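Step one of this worksheet: look at the structure below.
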């Protein structure tokens with residue numbers, strides 16, 4: 001057997017106290033498409049960042065065609081012929097396709113600080129030709145669709161061939177997450193084309209696609225490579241089991257604990273809500289104990305919508321009714337005293353107050369349960385804070401520890417405790433509540449969501465993944481370009497499929 | 001459930017905590033060392049008369065510094081506070097003769113209002129506080145110069161409304177200084193026992209998190225500047241009482257020592273860390289330093305150089321470099 005083009009041996013990487021990669025070993029062979037799957041937090045991104053020279057491993061080695069190689073930075077990695085197509089697109093939208101493709105590697109296309117446009121466009125065209133893309137190098141990136149931009153990214157990644165005599169290794173990080181239908185087919189065709197002259201690492205959590213394009217699949221879980229499978233003999237269920245370590249996703253999301261809310265009273269009613277340049281004509285109702293999931297890509301307007309409901313941004317038309325009373329908040333101050341809570345996606349900036357203790361964070365939103373009038377009851381505060389730490393299994397040395405020193409999952413639990421502590425809470429907005437959390441912490445969040453519902457608290461959910469949206473919600477609507485595109489019933493036993501939602505998203 | 005994350009073993013954390021405690025005790029250690037050094041050079045330093053003079057000169061600095069502490073805790077700074085106090089002494093000189101006690105109340109109210117306006121402008125328009133208050137500094141020092149005719153005004157009629165502050169003694173010590181330290185204790189206790197007592201700190205540490213938790217960041221910011229204005233007014237009263245006059249630049253030389261007192265006491269210039277008792281220690285360091293400097297023969301005109309250097313040194317020592325991104 002020939003030497004693998006890329007080999008990773010016993011790679012380990014820890015961040016402060018969290019083991020992100022634990023003794024990972026895998027290889028990529030010539031003309032091979034290797035699937036890499038794992039949940040958020042399984043270690044995929046860390047592994048990719050080591051391959052692109054952004055992180056240095058604590059131990060272990062990377063071999064390129066059998067030669068030990070150290071990537072001190074992204075340029076080292078490019079010189080070794082490893083090209084990255086990032087999950088979040090990294091193009092500069094205000095300039096042309098050619099400028100983007102050659103960004104940082106213009107070499108002789110730049111003379112005395114000026115572009116030689118003919119040369120630049122020709123060089124870019126060469127990369128675009130490799131994938132037979134019809135996109136013009138002169139086109140501005142901002143005029144391209146998302147799928148087209150991804151092709152530009154791919155062309156840019158292929159530019160690494162210019163630095164290295166070796167056949168390139170192209171890493172596709174979640175390339176399919178927002179593609180559908182034909183665009184997806186185009187991507188798969190490209191992967192087949194890449195196979196002719198390169199090797200591909202295909203990272204995804206869409207298991208059916210991974211099985212379709214890969215020659216071999218590695219499953220990562222909790223920083224370990226737990227399995228290697230042949231797509232011809234493996235199926236989606238098996239991969240899922242390996243990935244989450246549990247029998248089914250229904251169990252992971254505690255679907256059996258979801259309660260029906262058909263007869264429950266309406267708590268929140270939004271009618272014809274409009275914010276210029278963000279969204280318009282948004283109407284929906286949330287019942288007591290209901291989880292309403294809002295799906296949509298970036299720019300669909302769903303983030304703005306939740307911030308408007310919470311009073312963090314103003315709106316231009318329509319109405320919000322809470323318990324039958326019209327409300328309009330000029331800031332979150334009013335929203336919180338009316339019974340809204342918000343768990344923001346920007347946890348470290350908007351969620352926790354870094355520098356304050358765990359206890360102070362828990363009582364940040366509403367100290368009323370542990371105070372009399374304006375005065376704090378220190379003994380009661382101590383007891384209640386300790387109770388929350390026990391109940392939510394917050395891992396902290398003690399309640400006075402600086403919340404900044406906790407891990408992401410435990411910080412998120414502190415944010416949860418902050419709202420759960422408030423007796424006023426009626427509606428909780430969860431904005432990507434499990435972003436960046438590992439599997440165990442995620443499952444804890446799901447458990448708390450179910451508990452909140454059973455206590456009659458209503459939830460508006462902007463989830464990280466469609467699977468999460470579908471599993472947790474009673475009803476879902478998909479937003480696209482600031483409009484509600486379609487509504488789905490997702491009550492227990494009536495769950496829509498991710499693909500149904502995706503169709504409406506893009 | 002699989003346990004999600006692992007924290008560092010408790011032991012190194014405790015060690016870190018000790019280091020933190022040592023750092024926060026540094027100002028007090030510094031003060032004690034300073035007193036020892038000065039006493040060795042000038043054995044009668046701890047005599048009653050000397051301590052009395054020390055405390056009398058500390059009172060207005062500490063008042064200004066306490067007001068500034070609120071603002072610095074929120075992560076801002078009020079550069080107009082000394083100019084406002086000077087303006088206050090002019091108003092006192094003009095209003096006391098006709099209004100007496102009522103004039104005193106009117107001046108305090110005016111100073112508080114000035115602080116409120118500063119805070120309102122900064123919180124509502126989101127201008128950096130040092131720019132807004134730099135403008136205010138020009139405004140109020142100019143106003144003071146204009147209405148005083150650019151000269152000191154002696155207070156004779158109506159002086160009794162403020163004179164009692166400097167005249168009264170308790171156990172031979174000036175009432176003024178004791179009152180100011182008492183005020184500092186009240187502030188420190190309030191921050192401890194009130195349910196919302198850490199609001200200033202919280203804003204200085206994480207304004208966005210406070211906002212998204214339903215805290216009124218606008219109101220708290222305005223409150224910090226309003227309190228700073230009120231304390232400038234109190235400092236004005238104390239200065240006018242000890243000088244028996246009002247003057248458009250009377251408090252201006254206290255600007256640097258007051259800010260120095262806040263930061264050398266251990267309140268972080270970036271906000272979020274500190275408190276009133278730290279500022280008391282800081283103010284004591286500043287006045288002992290002042291006496292010590294003159295004891296070793298440094299001319300008073302050099303004092304400002306020392307205060308400037310002290311501010312920079314204290315900030316360099318205490319700044320949390322991990323949060324440099326938010327320094328304003």
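The values are calculated or read from the model by the stated rules, or taken from the named source; none is laboratory data. Bear in mind the structure is a predicted one, so any value in this text is a computation, not a measurement. Note: ideal-geometry Cβ built from the backbone for every residue, glycine included; neighbour counts use all protein chains shown.
Below is a table of values for the structure above.
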| item | result |
| --- | --- |
| Only one of B:215, B:197 that is touching a strand residue (DSSP E or B) at 6+ places or on another chain (Cβ under 8 Å), farther than 17 Å from residue B:116 by Cα and assigned to a loop (DSSP other than H, G, I, E, B) | B:197 |
| Residue check, residue A:380 surrounded by fewer than 21 Cβ atoms within 10 Å (Cβ to Cβ) and either more than 7 Å from chain B (Cβ to nearest Cβ) or over 14 Å from residue A:441 (Cα atoms) (or both) | yes |
| Search result, residues across the stretch A:313-357 that are assigned to a loop (DSSP other than H, G, I, E, B), surrounded by fewer than 20 Cβ atoms within 10 Å (Cβ to Cβ) and assigned by TED's automatic domain parsing to the domain that holds residue A:434 | A:313, A:314, A:316, A:323, A:324, A:328, A:330, A:331 |
| Flag for residue B:273 being touching a residue at least 60 places away in the same chain (Cβ under 8 Å), within 14 Å of another protein chain (Cβ to nearest Cβ) and more than 24 Å from residue B:189 (Cβ to Cβ) | no |
| From A:186, A:267, residue being modelled with pLDDT under 85 and buried (at least 16 other Cβ atoms within 10 Å of the Cβ) | A:186 |
| Of the criteria (1) at the interface with chain B (Cβ under 10 Å from one of its Cβ atoms); (2) surrounded by 22 or more Cβ atoms within 10 Å (Cβ to Cβ); (3) within 17 Å of the chain's Cα centre (by Cα), which one residue A:430 fails | (1) |
| Any chance residue A:414 is more than 30 Å from residue A:384 (Cβ to Cβ), surrounded by 19 or more Cβ atoms within 10 Å (Cβ to Cβ), in contact with a helix residue (DSSP H, G or I) (Cβ under 6 Å, 6 or more places away or on another chain) and touching a residue at least 60 places away in the same chain (Cβ under 8 Å) | no |
| Scan of the stretch A:358-373 for residues that are at the interface with chain B (Cβ under 9 Å from one of its Cβ atoms) and either assigned to a helix (DSSP H, G or I) or at pLDDT 90 or above (or both), ordered by number | A:360, A:361, A:363, A:364, A:365, A:366, A:367, A:368, A:370, A:371, A:372 |
| Evaluation of residue B:157 against (1) crowded, with 24+ Cβ neighbours inside 10 Å; (2) touching a residue at least 40 places away in the same chain (Cβ under 8 Å); (3) not in a helix (DSSP H, G or I) (one fails), failing number | (1) |
| Hits in the stretch A:283-305 - residues which are touching a helix residue (DSSP H, G or I) at 6+ places or on another chain (Cβ under 6 Å) and surrounded by 19 or more Cβ atoms within 10 Å (Cβ to Cβ) | A:289, A:291, A:293, A:294, A:295, A:296 |
| Residue in the stretch B:170-185 that is farther than 29 Å from residue B:75 by Cα and in contact with a strand residue (DSSP E or B) (Cβ under 8 Å, 6 or more places away or on another chain) present | yes |
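Yes/no matrix, rows are residues, columns are (1) out of contact with any helix residue (DSSP H, G or I) (no Cβ under 9 Å at 6 or more places or on another chain); (2) at pLDDT 50 or above; (3) over 30 Å from residue A:446 (Cβ atoms); (4) more than 14 Å from chain A (Cβ to nearest Cβ):
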residue: B:9; (1), (2), (3), (4): yes, no, no, no
residue: B:14; (1), (2), (3), (4): yes, no, yes, no
residue: B:19; (1), (2), (3), (4): yes, yes, yes, no
residue: B:27; (1), (2), (3), (4): no, yes, yes, yes
residue: B:31; (1), (2), (3), (4): no, yes, yes, yes
residue: B:34; (1), (2), (3), (4): no, yes, yes, yes
residue: B:37; (1), (2), (3), (4): no, yes, yes, yes
residue: B:40; (1), (2), (3), (4): yes, yes, yes, yes
residue: B:50; (1), (2), (3), (4): no, yes, yes, yes
